[in-house]
Amino acid sequence: MDNPTGKTTVNIEGEVIAILLDQDEYPANVGNVAAISDRQIAYLKRDHDELIGYRLDYLDIGDCVSIEYHQEEAWYRKILAGLFFLAALAVAVSLATGMIPFTNETQALIIVIIALVTFAIRFTTSTHRHYISFEMPDQVLHWRSPAIDFKSKAADAHAVRDYARERGILRAAA
């Protein structure tokens, strides 16, 4: 449903269990579940007829056969962290061995080393994410939290998991 500002908003029926996506996250998450209530699942669907390219579809939660919840690793973040550490090490060794002469102009390389190490630490401290799949009769819907938002999305992810457990449709992760 559209509001006067032109942004898509969730207008879900029933008691809201979890809002999994904020409005500003919609464009990057087309094809994912946006929200869940005790009556509906709000799903972002691609719509080539709409100016914004997507719309919210509302599916009956009663049709949901099972919900699977698990936490997964964002391995790409670990790989990037390793590459950042290696790059910082290469620059530091080059400076220390004299391959790159240490002058006033190489001060920028020290800033680069600090930046690379900072990014590497940030990437290694946020590698987990929540993953939820909703099995419907004719399709499987998904939602995956960004690794950077693991902690901030935990309450909503656990609310969906607990709801599925209460309904008896929580499926063990494969």
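Is at least one residue of the stretch 79-102 of a type outside the set (A, V, I, L, M, F, W, C) and touching a Phe, Trp or Tyr at 6+ places or on another chain (Cβ under 7 Å)? First the steps, then the outcome.
Taking the stretch 79-102 as the starting set, the residues that turn out to be of a type outside the set (A, V, I, L, M, F, W, C) are 82, 94, 97-98, 101.
After this cut, where a residue has to be touching a Phe, Trp or Tyr at 6+ places or on another chain (Cβ under 7 Å) as well, the list is none.
No; the residues of the stretch 79-102 include none that is of a type outside the set (A, V, I, L, M, F, W, C) and touching a Phe, Trp or Tyr at 6+ places or on another chain (Cβ under 7 Å).
What number goes with the only condition from (1) in a helix (DSSP H, G or I); (2) basic (K, R); (3) touching a Lys or Arg at 6+ places or on another chain (Cβ under 8 Å) that K78 does not pass?
Tallying (1) in a helix (DSSP H, G or I); (2) basic (K, R); (3) touching a Lys or Arg at 6+ places or on another chain (Cβ under 8 Å), K78 fails exactly one: (3).
Between a residue in the stretch 34-55 that is farther than 22 Å from E13 by Cα and assigned by TED's automatic domain parsing to the domain that holds E166 and any residue that is polar (S, T, N, Q) and not in a loop (DSSP other than H, G, I, E, B), which pairs come within a Cβ distance under 8 Å, given they are 6 or more apart or on different chains?
Qualifying pairs under 8 Å: I52/T8.
With (1) within 19 Å of A42 (Cα to Cα); (2) touching a residue at least 60 places away in the same chain (Cβ under 8 Å); (3) loosely packed, with under 15 Cβ neighbours inside 10 Å as the list, and Y163 as the residue in question, which single condition is left unmet?
The number of the failed condition is (3).
Looking for whichever is touching a helix residue (DSSP H, G or I) at 6+ places or on another chain (Cβ under 8 Å), assigned to a loop (DSSP other than H, G, I, E, B) and among the aromatic types (F, W, Y) here; the options are F123, F102, F85. Which one fits? Step through it out loud before you land on a result.
Details: F123 fails: assigned to a loop (DSSP other than H, G, I, E, B); F85 fails: assigned to a loop (DSSP other than H, G, I, E, B).
The unique qualifying residue is F102.
Criterion first (of a type in the set (A, V, I, L, M), under 23 Å from D22 (Cβ atoms), out of contact with any Cys (no Cβ under 7 Å at 6 or more places or on another chain) and surrounded by 13 or more Cβ atoms within 10 Å (Cβ to Cβ)) does A154 satisfy it? Steps first, please.
Values: of a type in the set (A, V, I, L, M): yes; under 23 Å from D22 (Cβ atoms): yes; out of contact with any Cys (no Cβ under 7 Å at 6 or more places or on another chain): yes; surrounded by 13 or more Cβ atoms within 10 Å (Cβ to Cβ): yes.
So A154 fits the description; yes.
Would you check which residues across the stretch 1-15 are farther than 13 Å from R55 by Cβ and either in contact with an Asp or Glu (Cβ under 8 Å, 6 or more places away or on another chain) or modelled with pLDDT of 95 or more (or both) and list them?
Correct list: G14, E15.
Kindly provide the set of residues from the stretch 28-63 that are in a helix (DSSP H, G or I) and either at pLDDT 90 or above or touching a Leu at 6+ places or on another chain (Cβ under 8 Å) (or both), ordered by number. Write out each step before concluding.
Kept after step one, since they are in a helix (DSSP H, G or I), are these residues of the stretch 28-63: 28-29, 61-63.
Matches in the stretch 28-63: N29, I61, G62, D63.
Considering each of L95, L21 in turn, give the residue that is assigned by TED's automatic domain parsing to the domain that holds A159 and touching a helix residue (DSSP H, G or I) at 6+ places or on another chain (Cβ under 8 Å). I'd like the intermediate steps shown before the answer.
Numbers: L95 fails: assigned by TED's automatic domain parsing to the domain that holds A159.
When all the criteria are applied, what remains is L21.
Among the residues of the stretch 18-49 satisfying the criterion of being among the basic types (K, R) and closer than 21 Å to G62 by Cβ, which is nearest to the chain's Cα centre (by Cα)? Step through it out loud before you land on a result.
Applying the first criterion (among the basic types (K, R)) to the stretch 18-49 yields 39, 45-46.
Narrowing further to those that are closer than 21 Å to G62 by Cβ: 39, 45.
Values: R39: 24, K45: 17 Å.
Applying the filter and picking the extreme gives K45.
Would you confirm, using the coordinates I've provided, whether A81 is modelled with pLDDT of 90 or more, aliphatic (A, V, I, L, M) and within 21 Å of the chain's Cα centre (by Cα)?
Details: modelled with pLDDT of 90 or more: no; aliphatic (A, V, I, L, M): yes; within 21 Å of the chain's Cα centre (by Cα): yes.
Judged against the criteria, A81 is not a match.
For the stretch 121-132, check the following and say yes or no: at least one residue is surrounded by fewer than 18 Cβ atoms within 10 Å (Cβ to Cβ) and closer than 16 Å to A42 by Cα.
No; the residues of the stretch 121-132 include none that is surrounded by fewer than 18 Cβ atoms within 10 Å (Cβ to Cβ) and closer than 16 Å to A42 by Cα.
Anything in the stretch 117-149 that is touching a residue at least 40 places away in the same chain (Cβ under 8 Å) and among the aromatic types (F, W, Y)? List them, or say none.
F123, Y131, F134, W143
The values are calculated or read from the model by the stated rules, or taken from the named source; none is laboratory data. What you see is a predicted model, and the numbers here were worked out from it, not measured in a lab. Cβ coordinates were reconstructed from backbone atoms using ideal geometry, including for glycine residues, and neighbour counts include every protein chain displayed.
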